[in-house]
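> Here it is, the structure in full.
The values are calculated or read from the model by the stated rules, or taken from the named source; none is laboratory data. All values derive from a computational prediction rather than experimental measurement. All Cβ positions, even for glycine, are placed from backbone atoms using ideal geometry, and neighbour counts span all protein chains on display.
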Amino acid sequence: MLFLLAFGLLITAATLAAVHLSRRVNMLEETKSLKDDLRAIAEDISRELDTGEEDPYDFLEAVSLIQKQDENFSYVLRDTSGVVISPSFVAGKTLKMKDVHPYKGYDSVYSANVWSHKCLVIIHTFPDRPLELVGIYSDRYIFDDIQYTVHLFFFLVALVLVVLLAVAWLWVIPALERMYARRDRAEGELRIAHDLQHKAVTRSFPKDPRCEVHAMLKAMKDVGGDYYTCVQSGDKLFFALGDVSDKGTPAAFVMFLLCGVINSLFKHDAPLLEVMDSVNKMICDNPDYDMFTTLFVGDIDLSTSEMTYCNAGHTKTLLDGRFLDQDPQMIAGINPDYEYHTQAFRLHRGSRLLLYTDGVTEARNENREFFGESRLVEWMQGRSDGESCEETCKALFEEISAFRGEAGQNDDIAIMCIKIC
Amino acid sequence: MLKTNIEEKDGRVVVTPVGELETSVCDSFQEEMAQLTRREGLNMELDLGSLEYISSKGLRVLISMQKAISDNGGRMVVTEVTEAVREVFDMTGLTRSFLVE
């Protein structure tokens, strides 16, 4: 951005310099002959004024005489204190005597810089009156050789700059822009994927005195794919937690879609098998997805504490510090004809379920050891009964982070904890 | 870390990944395999007897490989598996779909 701004400024400066200079170069020929003319005019004026009438008030005549000779001549009247009396001076500027210099030995002819234009100034002081007639030959530049050389130098510098900038404009900038665009797009996509993942998962959990639910997701910026949802419909608490086996934007979009589909089926009291089949077929029917998902879905009838569940290739759900009995079933999205089945288990008051993704068991420490199932089971057995689900989730995140030590997070981590009250 | 040995004999290609097929190496492994899976009628034997670990992203690579090979009229058979990989296959219901001999 800064680069583009600087580039724009340079282009503007170079263009202005070029325009300004071309104007000056055009004037060069004109001013060369002007110099000679001017010298002659100055001589005439000087002679006229010196040998003029005795009447000191007849200065207007002198002025008209000058103006007749050259229309570019203008004048200003002022008293010796420097107050302007008739401000018809073309450049609108009053000169002080100290700013003018005698011009090549001519009487009454001085050179001066008026707004950085070199001008010839004709000054005549009437002997008995405190008035001066100041004439300035202006509107044209007196362009001397030094100025010309300086301007030529700047013109060449500007020319080189313009050539360099043209090269930059045509080749360097497009290449940089392409590079930045690629990088921005990639980053933007990952950010969208990351946002999608966090927005798709449930953030407000059912508030029923008979149960307590909490879930947390810690997604990797460039992996993505873990998801969960939890919906209460009447007496039934539906929950799902899964992991899409791809990364980045594609995984995020599919998990977003899955969350929507699962949520909507849950809200309509759909049987778990219908949920599993829908997810399985949805991914199988779109071979372009080139991905699959592991998924644990379950529902709990809060009036009877009867739980039904189905585990499609997902990590084994824990119940009170031991693994729930789960038949291995195929991950969803591979075989559209696979027939899933559900299992059932009656929970009791105080039962605590822990669902998680493989980011938990496969977290690694500096020695490349896995956190593993046995460590997780042991940790879960050490939880106190009074701990809330939110506390459990947070504690597990802290436990994994402590186990990992200096080693960074290597996969998404999603955790859901459900407690029967 | 993953090292992949590729050996061609009697019209079959034997691929032996040695080490761990974890998320970070999946992309490079898949790229390497893409050279093979493009071939028409490829007969691949995948020896997972030296694979200590496979992540869920690694599973995806195997499934994509199998799909690509069968799309090109070939066949992929898994010959050996370690206990760790067998567990993952069992848990994900993929044991039968990979035809573990």
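> Just need a number here: residues in the stretch A:305-344 that are more than 14 Å from chain B (Cβ to nearest Cβ), surrounded by fewer than 20 Cβ atoms within 10 Å (Cβ to Cβ) and either modelled with pLDDT of 95 or more or within 16 Å of A:Pro271 (Cβ to Cβ) (or both).
Number satisfying all stated conditions: 5.
> Right, here's the next one. Name the residues in the stretch A:204-214 that are in a loop (DSSP other than H, G, I, E, B) and surrounded by 11 or more Cβ atoms within 10 Å (Cβ to Cβ), would you?
Matches in the stretch A:204-214: A:Phe205, A:Pro206, A:Arg210.
> For A:Cys230, only one of the following conditions fails: (1) at pLDDT below 90; (2) not acidic (Asp, Glu); (3) not in a helix (DSSP H, G or I). What is its number?
(1)
> Another question, if that's okay. Out of A:Leu196, A:Leu190, A:Leu217, which single residue is over 30 Å from A:Ala18 (Cβ atoms) and not in a helix (DSSP H, G or I)?
That would be A:Leu217, the only listed residue that is over 30 Å from A:Ala18 (Cβ atoms) and not in a helix (DSSP H, G or I).
> Further question on the same structure: Hey, can you tell me all the residues within the stretch B:17-75 that are more than 14 Å from every other protein chain (Cβ to nearest Cβ) and either among the charged types (D, E, K, R) or touching a Cys at 6+ places or on another chain (Cβ under 6 Å) (or both)?
Within the stretch B:17-75, B:Glu31, B:Glu32, B:Arg38, B:Arg39, B:Glu40, B:Glu45, B:Asp47, B:Arg75 meet the criteria.
> Exactly one of (1) farther than 15 Å from A:Ile415 by Cβ; (2) at pLDDT below 90 is unmet by A:Ala219. Its number?
With respect to (1) farther than 15 Å from A:Ile415 by Cβ; (2) at pLDDT below 90, A:Ala219 is out only on (1).
> Return only the number of the condition from (1) buried (at least 18 other Cβ atoms within 10 Å of the Cβ); (2) away from chain B (no Cβ under 14 Å); (3) aliphatic (A, V, I, L, M) that A:Ala251 does not satisfy.
All conditions are met except number (2).
> Considering the stretch A:233-273 alone, what residues qualify as being closer than 30 Å to A:Arg185 by Cα and part of a loop (DSSP other than H, G, I, E, B)?
Matches in the stretch A:233-273: A:Ser245, A:Asp246, A:Lys247.
> Turning to a different aspect of this structure: Would you pick out the residues in the stretch B:77-99 that are of a type outside the set (Gly, Ala, Ser), within 14 Å of the chain's Cα centre (by Cα), crowded, with 17+ Cβ neighbours inside 10 Å and within 14 Å of another protein chain (Cβ to nearest Cβ)?
B:Val85, B:Val88, B:Phe89, B:Leu94, B:Thr95, B:Phe98
> May I ask you to list the residues in the stretch A:345-364 that are among the polar types (S, T, N, Q) and either within 14 Å of chain B (Cβ to nearest Cβ) or in contact with a Cys (Cβ under 8 Å, 6 or more places away or on another chain) (or both)?
A:Thr357, A:Thr361
> Looking only at helices (runs of 4 or more DSSP H) that lie completely in the stretch A:303-421, which have at least 2 residues being closer than 22 Å to A:Ser204 by Cα?
Hits in the stretch A:303-421: A:389-404.
> Starting from the stretch A:267-286, keep only residues that are surrounded by 17 or more Cβ atoms within 10 Å (Cβ to Cβ), then list their pairs with residues that are polar (S, T, N, Q) and at pLDDT 90 or above whose Cβ atoms are within a distance under 7 Å, requiring at least 6 positions of separation or different chains.
A:Leu272/A:Thr308; A:Leu272/A:Thr342; A:Val279/A:Thr293; A:Ile283/A:Thr293
> Go through (1) without any contact (Cβ under 8 Å) to a residue 12 or more places away in the chain; (2) touching a Ser or Thr at 6+ places or on another chain (Cβ under 6 Å); (3) among the hydrophobic types (A, V, I, L, M, F, W, C) one by one and return the number of the condition A:Ala181 breaks.
Just one mismatch for A:Ala181, condition (2).
> Kindly indicate the residue of the stretch A:266-304 that is away from every other protein chain (no Cβ under 14 Å) and more than 23 Å from A:Gln232 (Cβ to Cβ) and also farthest from the chain's Cα centre (by Cα) among those meeting that condition.
A:Lys281
> May I pose another question? Examine the stretch A:176-185 for a residue that is under 21 Å from A:Ile11 (Cα atoms) and surrounded by 11 or more Cβ atoms within 10 Å (Cβ to Cβ), and state whether such a residue exists.
Checking the stretch A:176-185: at least one residue is under 21 Å from A:Ile11 (Cα atoms) and surrounded by 11 or more Cβ atoms within 10 Å (Cβ to Cβ).
> Turning to a different aspect of this structure: Of all residues being touching a helix residue (DSSP H, G or I) at 6+ places or on another chain (Cβ under 6 Å) and within 14 Å of chain B (Cβ to nearest Cβ) in the stretch A:373-415, which is nearest to A:Asp195 (Cα to Cα)? Just the residue, please.
Here the residue is A:Asp412.
> Considering the stretch A:368-389 alone, what residues qualify as being over 23 Å from A:Phe323 (Cβ atoms) and not small (Gly, Ala, Ser)?
Residue satisfying the conditions is A:Arg368 alone.
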